[in-house]
Structure formats: structure tokens, C-alpha cells
Amino acid sequence: MAQNSYFYVLWCRDHSFYAGYTTDLKRRELEHNEGIGAKYTRPAYRRPLKMIYAETFDSRSEAMKAEAAFKKLSRPQKEAYLRENDVIFPLSKKRDCVIKKRGKKR
């Protein structure tokens, strides 16, 4: 069975968003919070981080394309995208991550 790939969005302590892709959401969120994730999330002023949104894809390529498209959006466009995908604003550390299935229709 093929492993799913995910595009995800983190909400940083400084209220910025970080987007990435992974095959393991829990591990990746932990890595970011431990300061061993991406360079952007390493500074202490960005942590702790909360995973607020993720999309699951059948391939790494699809997940990476979703990540790249999200990163090209302006802040208001990113917030609109997240709202359209059931992320509730104002954001809260207490809410669970919204996970959506994307990719090929079966």
C-alpha cells in the first residue's frame, strides 16, 4: 500500500503561517516544535506551533504542488483558503487540525 503524502499548515506563535509537506503529520509537527524542523520554524519566537490544516494526497508530487500554490498566496488569500476548508477563525490552540482528502477521484 502506498504511503499518503500531506500538505500541511502550521500556525506559529508569532501568528505567521508555515506550509510544508510530509508523510507523517504527528512526527513533523513534533519536529517543528522541537526546533529541528524547517529553518523558518527553528527560532524560539515562532514556537510553539499548532498544525491547523492538512490535505492528504496520493503522491508526494501532488502534496508539493499544493504547498507551492499555498505559499504563493497573500496573507488574506491564505486565510480565505483556510476558511473555505473549514478552519475556524479566530485560530485556537485548542481546536483539532482539519484534514481533507485530495487527489484522484475514485
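Things worth noting here:
- Put in order of Cβ neighbour count within 10 Å, fewest first, the listed residues Glu34, Glu55, Glu67, Glu79 become Glu34, Glu79, Glu67, Glu55.
- Principal-axis tilt of helix 60-71 within the chain, Cα atoms, nearest 10 degrees: 40 degrees
- Antiparallel DSSP beta bridges within the stretch 5-101, as percent of all bridges there, nearest 5: 75 percent
- The lysines whose alpha-carbon is closer than 22 Å to the alpha-carbon of Lys100, local same-chain residues fewer than 8 away aside, are Lys26, Lys50, Lys65, Lys71, Lys72, Lys78.
- Nitroxide proxy distance, nm - points 7 Å out along Cα→Cβ at Phe89 and Thr23: 3.5 nm
- Each 10 Å bin from 0 upward holds the following percent of the Cα-Cα pairs of the stretch 5-101: 17, 52, 30, 1.
- Only helices enter the 222 nm calculation for the chain: every DSSP H run of n ≥ 4 contributes -39,500 (n - 2.57), and dividing by all residues gives -8500 deg cm²/dmol, rounded to 500.
- Neighbour-count order for Arg60, Arg95, Arg46, fewest beta carbons within 10 angstrom listed first: Arg95, Arg60, Arg46
- Counted charge near Met64, where neighbours are those whose Cβ lies closer than 12 Å (Asp, Glu -1; Lys, Arg +1): 0
Values quoted throughout were computed directly from the atomic coordinates according to the rules given, and no laboratory measurement underlies them. This structure is a prediction, so every number in the text was calculated from the model and none was measured. Quick reminder, even Gly has a Cβ in these numbers, built from the backbone with ideal geometry, and neighbours come from all protein chains shown.
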